[in-house]
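The values are calculated or read from the model by the stated rules, or taken from the named source; none is laboratory data. Bear in mind that the values here come from a model prediction, so they are computed numbers and not experimental data. When we count neighbours, we look across all protein chains shown, and the Cβ atoms used for this are built from the backbone with ideal geometry, even at glycine.
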Amino acid sequence: MIQSEFVTTLVSTFSLVSLAEIGDKSLLVCMALATRYRHWQVFWGAAIAFLVLNLLAVIFGSTIAALVPESIILATVAVMFIVFGVLALRATEDEEDIELEEKASHGIFITTFLMILVSEFGDKTQIAVAALSTTMDALSVWIGGSLGLMSYGHFWCTGR
C-alpha cells in the first residue's frame with residue numbers, strides 16, 4: 001500500500017511538473033545554451049539546479065504542513081492553482097535575447113546552474129512542488145518533480 005502511494009505521488013508530480021514546464025523560460029535558456037555549448041554541461045547544470053530548487057520547495061511545503069492546519073492548506077493550494085492557471089492562460093511571453101559571455105573563472109555548467117537557479121526560483125513548478133509536498137509524501141514529490149524537470153530539460157538540451 002505504501003509503495004503504491006509512493007509511486008502514485010511520484011507519477012502525479014512528474015506529470016504535473018512536466019506539463020507545467022512546457023514553454024517555460026528555464027527550458028528556453030537550456031535550449032539556447034545547448035546550441036552554443038556542450039549540451040551535457042548545460043543539462044547537468046540545469047539538473048542540479050532543479051534538484052536544489054525542488055529540495056527547497058519540499059522543505060518549505062513540509063514545514064508549512066507541520067505548522068498550518070490541513071483545511072487552510074488545501075483551500076490555499078486550490079486558490080493558488082486556479083489563479084496560476086488563469087495567469088498562465090493569459091500570459092504573453094516577451095522574447096528576450098540573452099547574451100552570455102563565458103568567463104574563464106567558471107564554466108558553462110556553473111553558468112547554467114546559476115541561470116536556472118535564479119530563473120526558476122519562485123516559478124510555478126516550484127510553487128506546485130511546495131504545494132504538493134504539504135499533503136503528499138515529500139520524498140516522492142521531490143523525486144517526481146525533479147525527474148519531470150530533468151526529463152524535459154534533457155529533451156531540450158540534447159534533442160533526444
Checklist outcome for this item: Residue hits (the stretch 108-140; over 27 Å from Tyr37 (Cβ atoms) and touching a Ser or Thr at 6+ places or on another chain (Cβ under 6 Å)) are Leu132, Ser133, Met136, Asp137, Ala138, Ser140
Checklist entry - Considering the stretch 93-142 alone, what residues qualify as being over 23 Å from Leu19 (Cβ atoms) and modelled with pLDDT under 85? => result Glu96, Asp97, Ile98, Glu99, Leu100, Glu101, Glu102, Lys103, Ala104, Ser105, His106
Checklist entry - Has the stretch 46-59 got any residue that is farther than 16 Å from Ile116 by Cα and assigned to a helix (DSSP H, G or I)? => result yes
Item to check | Some residue of the stretch 75-85 being surrounded by 14 or more Cβ atoms within 10 Å (Cβ to Cβ), among the small types (Gly, Ala, Ser) and part of a helix (DSSP H, G or I) | outcome: no
Checklist entry - If you check every pair at least six apart or on different chains, which have Cβ atoms under 9 Å apart with a residue in the stretch 24-36 that is more than 22 Å from Gly122 (Cβ to Cβ) first and a residue that is at pLDDT below 80 and part of a helix (DSSP H, G or I) second? => result Ala34/Trp156; Ala34/Cys157; Ala34/Thr158
Next on the checklist: It is to be established whether one or more residues within the stretch 23-43 are surrounded by fewer than 19 Cβ atoms within 10 Å (Cβ to Cβ) and closer than 25 Å to Asp137 by Cα.
Outcome noted: no
Checklist entry - Consider Gln3 against the criteria (1) at negative phi; (2) in contact (Cβ under 8 Å) with a residue 12 or more places away in the chain: it satisfies all of them except one. Which criterion is unmet? => result (2)
Checklist entry - Restricting attention to the stretch 104-151, which residues are in a loop (DSSP other than H, G, I, E, B) and touching a residue at least 12 places away in the same chain (Cβ under 8 Å)? => result Gly107, Phe121, Asp123, Met136, Asp137
Checklist entry - Within the stretch 14-22, is even one residue touching an Asp or Glu at 6+ places or on another chain (Cβ under 7 Å), part of a helix (DSSP H, G or I) and closer than 21 Å to Ala131 by Cα? => result no
